[in-house]
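The values are calculated or read from the model by the stated rules, or taken from the named source; none is laboratory data. Please read these numbers as outputs of a predicted model, since none were measured by experiment. No Cβ is skipped: glycine too gets one built from the backbone with ideal geometry, and neighbour counts run over all protein chains shown.
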Amino acid sequence: SVPLGFFGGIGGASKLGVLVKGSNYLEALASTEIVVFDKTGTLTKGNFVVSEVHSEKMSEKELLALAAYAEDYSNHPIAMSIKNAYGKAVDASQIKDIEEIPGHGVRAIINEKEVLAGNAKLMKLNNISYEANASVGTIVYVAINGKYVGYIRIEDEIKSDSAQAIHDLKAAGVKKIMMLTGDSGAVGKKVAQSLHLDECYTELLPADKVEKMELLMKQKNNKGMLAFVGDGINDAPVLARADIGIAMGGLGSDAAIEAADIVIMTDEPSKIATAMKVSKKTLRIVQ
Ligand code: ADP
Ligand code: MG
């Protein structure tokens, strides 16, 4: 049976905006030694803003329109920012085939032309040579019929709460804080350095994240718990493999919220340390 104190603990946490789906997860939080974060939407705001459009042949407006059409079916934060920057409705009758390639980008047939919009991996996969870009931000390369035509630069911001979150977790006794991301090495390193994270793994495909999580679970010591914090559809299988899966409840995907053991309703990562404090207090009361 569940000691009565845990109901108080779960209720207390929910008043603070943290939904705990079972007393065992509240208990596990108290002995968390490793916290692994997803980047986009978790440590960063996930509302990307287009900061530059570079076109080799057509006008910048035309390139942006083409990318917005190609992103028509995608709900990825990157796709949303491109559609926002375009600012107009898309004429769906011009789009034939459209598909999202997880961790890479999108492919669509627009007015009989094949349009690819995505990262360096997507270009390499299709043997398209492009002008490598070392500037800050996430770069979405665009190609038409197998030829590179330009790029769109998109920038995200670290959540104002993230530095506090990392500080509080360390103060609460967490030994190691890591980040896993599908984003580029340059963007990942910038975020990891500015937040003083212990480890950072970049350019991971959804399957790579799962594999990395399985490895981390094998390598850790038995008593210390490992928590993973994520928000996206792709994060659901990773959430399920961690000792404690924590999802962002506000902007997070339904799949992530469902797969999670704990949901942060306010999307503030600092609430994880807050919940750890509730957990430790509850354990002192019930023991
Ligand atoms: P994260 O780990 O940052 O949440 P994702 O796995 O969702 O990343 O995506 C990894 C990378 O794949 C993105 O940084 C981007 O380069 C590319 N990507 C994914 N979806 C799209 C899309 N709809 N349009 C353009 N690029 C995309
Ligand atoms: Mg994400």
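At-a-glance table
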| read-out | value |
| --- | --- |
| Candidates Lys45, Lys39, filtered to the one that is in contact with a Cys (Cβ under 9 Å, 6 or more places away or on another chain) and in contact (Cβ under 8 Å) with a residue 60 or more places away in the chain | Lys39 |
| Qualifying residue in segment 222-240 (condition: acidic (Asp, Glu) and more than 13 Å from the chain's Cα centre (by Cα)) | no |
| Gly173, sole failed condition from (1) under 30 Å from Leu215 (Cβ atoms); (2) among the small types (Gly, Ala, Ser); (3) more than 24 Å from the chain's Cα centre (by Cα); (4) outside the structural domain of Glu203 (by TED's automatic domain parsing) | (4) |
| Qualifying position, being aliphatic (A, V, I, L, M), touching a residue at least 12 places away in the same chain (Cβ under 8 Å) and within 13 Å of ligand 1 (Cβ to nearest atom), among Ala28, Ala67 | Ala67 |
| Residues of segment 166-188 that turn out to be closer than 26 Å to Asn119 by Cβ, among the hydrophobic types (A, V, I, L, M, F, W, C) and surrounded by fewer than 19 Cβ atoms within 10 Å (Cβ to Cβ), as a count | 2 |
| Residues of segment 100-141 classified as surrounded by fewer than 18 Cβ atoms within 10 Å (Cβ to Cβ) and in contact with a Lys or Arg (Cβ under 6 Å, 6 or more places away or on another chain), total | 1 |
| Residue in segment 118-131 that is assigned to a strand (DSSP E or B), under 18 Å from Phe48 (Cβ atoms) and modelled with pLDDT under 95 present | no |
